[in-house]
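Colleague: The structure follows.
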Amino acid sequence: MIFSHTLTQYIKELGDPKYEPLTKEEEKELLIQFASGSSYARERLINCHLRFVIYLLRDYKIPPQVDVMDLIQEGNLGLIDGLQRFDPSYECRVFTYARHYILWYIGRALAFYSKTSQFYTIPESFDFDNIKSEESEDITVKTKAYRDIVKSIEKVLTDKELSIIKLYFGLDPPYFKSYTLKEIGLLLHLDSEKVRQIKEQALIKIKKNCSFY
């Protein structure tokens, strides 16, 4: 992976109190303001969730040729997309829903690179305890998030492309199991190279045509 001083500076900047995670009450109030069109509330909701992107990236296998800041940017776009699509009626915290969009954006970006990768750990320059406490999995919320993602991409993909993307990224409930290219090939009666080609073709179409990218 490419490690630059920019990443160090970025993590240092996120240590500023203005990026501290919100309390449940603060988040609820900001969501009310955000629904009324407040740009301040939108910016605050985004800023106070940026640390969550770093947290989710910490244990990823990142290919050596990838700039970590590019993945952070993808994760941030996923955060924004998740926030835009979040519905308070889901009765969960923003991160519980948006984390699936963050992972989806990061996963798509990494899917373009070789499987040859190595573990990379983001330096812990601030406390993640508050983040960990908000990360408990809610299968109902995950199902809703992934359903929303699938609705967004199915408009631009063929049935075969959609099937491969759903299997590769584990978008299907109830188990959300991710399959390797070889496993997908066996399921769909295709060789793994053909699956890889269709997967990459589908990702290009998603990047080009889906408004949330």
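Colleague: Please give the peptides 59-66, 94-101 ranked by average Cβ packing (other Cβ atoms within 10 Å per residue), highest first, as a rough proxy for protection.
Modeller: By packing density, highest mean first, the sequence is 94-101, 59-66.
Colleague: Could you order peptides 195-207, 14-26, 159-171 by the average number of other Cβ atoms within 10 Å of their residues, highest first?
Modeller: 159-171, 195-207, 14-26
Colleague: In sequence order, what are the phi-derived ³J(HN,Hα) couplings for region 42-47 according to the Karplus relation 6.51 cos²θ - 1.76 cosθ + 1.60 with θ = phi - 60°, rounded to whole Hz, with x for glycine and proline?
Modeller: 4, 4, 5, 4, 5, 4
Colleague: Another one. Can you give the extra length, in nm with one decimal, that the chain gains between T140 and A111 once fully stretched, where that is 0.36 nm per residue apart less the Cα-Cα distance?
Modeller: 7.8 nm
Colleague: Something else about it: In whole Hz and in residue order, list the ³J(HN,Hα) couplings for region 94-101 that follow from phi through the Karplus curve 6.51 cos²θ - 1.76 cosθ + 1.60, θ = phi - 60°; x for Gly and Pro.
Modeller: 4, 5, 4, 8, 5, 4, 6, 6
Colleague: Any chance you could run the full-extension gain for E26 through Y40? It's 0.36 nm times the residue separation minus the Cα-Cα distance, nm to one decimal.
Modeller: Gain on extension, E26 to Y40, equals 3.7 nm.
Colleague: Cα gyration tensor of region 146-200, axes a ≥ b ≥ c as square roots of the eigenvalues: rounded (a/c below 1.5), prolate (a/b > b/c) or oblate?
Modeller: Cα axes put region 146-200 in the oblate bin.
Colleague: Turning to a different aspect of this structure: D67's amide H: which non-local residues (gap 5+, or another chain) put their own amide H closer than 5 Å, with H modeled 1.01 Å from N in plane and none for Pro or chain starts?
Modeller: I2
Colleague: Along the Cα→Cβ direction, 7 angstrom out, place labels at V156 and R85. What is the inter-label distance in nm?
Modeller: 1.3
Colleague: Between E193 and D70, what's the calculated FRET efficiency when r is the beta-carbon distance and R0 is 30 Å? Round to 0.05.
Modeller: The computed FRET efficiency comes out at 0.70.
Colleague: Given H placed on each backbone N at 1.01 Å, which residues far from I62 in sequence or on other chains put an amide H within less than 5 Å of it?
Modeller: Result for I62 returns Q118, Y120.
Since every read-out is calculated from the coordinates, none of them should be taken as a lab result. These numbers were taken from a predicted model, which means no experiment stands behind them. Glycine also receives a Cβ, built like all others from the backbone with ideal geometry; neighbour counts cover every protein chain displayed.
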